[in-house]
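Working notes, beginning with the structure itself.
The values are calculated or read from the model by the stated rules, or taken from the named source; none is laboratory data. All figures in this text were calculated on a predicted structure; none of them were measured in a lab. Don't worry about glycine lacking a Cβ; one is built from the backbone with ideal geometry, like all the others, and counts go over all protein chains shown. All accessible areas refer to the heavy atoms of the entire protein, side chains included, with ligands and DNA or RNA removed. Shrake-Rupley method; radii C 1.70, N 1.55, O 1.52, S 1.80 Å.
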Amino acid sequence: MPKHYRPAGKKNEGNAAKYVTGSQALKILQVSLPLFRKACILKGVFPREYKKKVKGNFHIKDITFLKKDPLLEELREIRAYEKKVKKTISKKNMDHAQQLLSRKPSYALERLLKERYPTLTDALGDLNDCLTMVHLFAALPAVDRSVCGEKIPVNTVHNCRRLSHEWQSYISRTHKLRKTFISVKGIYYRAEVYGQTITWLTPHALQQVLPPEVDYRIILTYLELYETLLTYVNNSLYISINVKYPPILDPRLEALAADLYALSRYIDSVKSKAGTSSGSDQLPSSEPGTLMHLVEDAYDEDDEDSETRECKNLFKNMKFFLGRETPRESLMFIITAFGGTVSWGFEGAPFEESDMSITHQVVDRPKQERKFFSREHIQPQWVYDCVNARFILPTEKYMVGCIPPPHLSPFVNNEAEGHVPEYAEAIERLKAADRKEVLPLPGIGKEDLNDPQSLLDIIDRAEAIEAAKRKQKMSILEKQYHDELKLELQGVQYSALSRDVKGKGKAAEEDTGPDLQQIAEDAANMSKVMMPRGKRKLLEAMEIGQERKRAHVHLLKERKKKIDEAKKSA
């Protein structure tokens, strides 16, 4: 037999030996499919995408790593115990079944989290999906319900709501919120904590519809992991600002669904008792003006960066009153994160609507019956636009009953997209006027204005272009003059001479100088021909993307033109 002979179908080398299919993984681990899915989610083992097409998606090292973990044995024991309980219930032995349920084995996720996230920074870097799912379940009604055979316990909803409020309270306290945007899906938030950019989505305060085609068993497994992860993150963050975790809240405010306010009062009470070193954890009585003291002594100001100081002072010395129709929790979170003070029109609020120190009243209805002339009556969009612009915008366009300007997304780079909305340009002009700056010309950056050498280079380029144009014009006139002299020597009359010279002058003007656009196209085509196939395909894909971007910009401009024409005709 030859040395390198291999029987047909026995491929035990190369990529075929590194990857296995899902069914092969089940045979190796000797578990059922639901148990395999749960173990993969908790351990962080997922299918890999290999650049070459292979039969399997799971790497054999991941399956071996999962096989040696004690979690798999714990899940097998729980599964066998559930079968034992089910068999006892089928025999109508309910007392024994209750005893078995009270001694049901469980597993802990702390060890798995320490393996997957050794440091707090690692956990913060993987917090986007965690926060989105926790906020989604926090918006569900607190009732026991079964969807597609899977029960969503009410304790899970309460726990998700508590964790989401603890996270928002920390972000407000430390002023780490950076951007926010209202979309059809919900409200997007972006924060920066310990150098990690965290973006999450919260649903609108509406009745949530649970679609039946979703596998809720997998969703609840992810939620179980995310609850433990967010608890660990909140604990570490609260300890970093010297606040005991979990917080002890005022039961009266909890009953009034003012959890975020209760959390802020708890943090303030802990900070106020830090100097007196009192051992009790009871909260002071609710007095007006204690709402969201998140701007005073949250932590040492030396630890704050310039962006945090800017966010901290955006709504400084401003008091907001929220109408009952506004998104209260979102506005409370945003206003306090940027240094403002807020109240609302329900029981447990820190100050009443009639307080004359209120500077802004947020109203989301077409008409406000009761108005106070000592304050501004604005729509909720004004708060979000001011946060994204980092600038207090004029309130004339956001008055009650007015159609507000477009709500621009802060997550879109207008310069890279090739289209800057008109309202974004207006905001930049307002900010430049407030800073008493001069905006640069198109094609010139701010760094060019600050660098004299760059300005000299720009001026030199402009002068060189003008000199080239003058030289081209002089060459045309010189050639026209020589042609006239030749025709005069031949005895041509002036009328025919003028017509002939004009025609030749135009032809000379068209023919003088090479066609720069054609030369550039030829050079680009030549360089494209000389490229390897892989790079050429990549360049073509980039050109297709740029063409789509230009088409999208053209479509936006056409829509804007039609809207302007409709306004003029109206």
Subset of region 28-82 that is among the β-branched types (Val, Ile, Thr) and either part of a loop (DSSP other than H, G, I, E, B) or open to solvent by 30 Å² or more (accessible area, probe 1.4 Å) (or both) - its residue that is modelled with the lowest pLDDT: Val54
Pairs, first in contact (Cβ under 8 Å) with a residue 40 or more places away in the chain in region 86-103, second open to solvent by 80 Å² or more (accessible area, probe 1.4 Å) and in a helix (DSSP H, G or I), C-beta under 9 Å, six or more apart: none
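Per-residue answers, yes or no, for (1) open to solvent by 50 Å² or more (accessible area, probe 1.4 Å); (2) free of Cβ contacts under 8 Å to residues at least 60 places away in the same chain; (3) touching a helix residue (DSSP H, G or I) at 6+ places or on another chain (Cβ under 7 Å); (4) closer than 15 Å to Leu223 by Cβ:
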site	(1), (2), (3), (4)
Met133	no, no, yes, yes
His158	yes, yes, no, yes
His165	no, no, yes, no
Ile171	no, no, yes, no
Thr174	no, no, no, no
His204	yes, no, no, no
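Only residues that are crowded, with 20+ Cβ neighbours inside 10 Å and assigned to a loop (DSSP other than H, G, I, E, B): list them for region 337-348, please. Break it down into steps so the answer makes sense when it comes.
So the first thing to find is which residues in region 337-348 are crowded, with 20+ Cβ neighbours inside 10 Å, and the list is 337-344.
Hits for region 337-348 are Phe338, Gly339, Gly340.
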Meets criteria (of a type in the set (Asp, Glu), closer than 25 Å to Ile403 by Cβ and at pLDDT 80 or above) for Glu369: no
Residue within region 371-385 that is under 25 Å from the mean Cα position of the chain (by Cα), in contact (Cβ under 8 Å) with a residue 24 or more places away in the chain and surrounded by fewer than 20 Cβ atoms within 10 Å (Cβ to Cβ) present: yes
Residue list for region 397-407, restricted to those being under 11 Å from Ile378 (Cβ atoms) and either open to solvent by 40 Å² or more (accessible area, probe 1.4 Å) or touching a helix residue (DSSP H, G or I) at 6+ places or on another chain (Cβ under 6 Å) (or both): Lys397, Tyr398, Met399, Cys402, Pro404
Residue satisfying condition, being in contact (Cβ under 8 Å) with a residue 12 or more places away in the chain, open to solvent by less than 40 Å² (accessible area, probe 1.4 Å) and part of a loop (DSSP other than H, G, I, E, B), within set Pro366, Pro410, Pro394: Pro410
Qualifying positions in region 350-363 - of a type outside the set (A, V, I, L, M), surrounded by 15 or more Cβ atoms within 10 Å (Cβ to Cβ) and part of a loop (DSSP other than H, G, I, E, B): Pro350, Phe351, Glu353, Asp355, Thr359
Flag for Leu210 being under 30 Å from Asp305 (Cα atoms), in contact (Cβ under 8 Å) with a residue 24 or more places away in the chain and not hydroxyl-bearing (Ser, Thr, Tyr): no
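Output the residues belonging to region 413-436 that are open to solvent by less than 90 Å² (accessible area, probe 1.4 Å) and either modelled with pLDDT under 75 or over 24 Å from Ile563 (Cβ atoms) (or both).
Keep residues of region 413-436 that are open to solvent by less than 90 Å² (accessible area, probe 1.4 Å), which gives 414, 416-421, 423-428, 430-433.
Residues satisfying the conditions are Ala416, Lys431, Ala432, Ala433.
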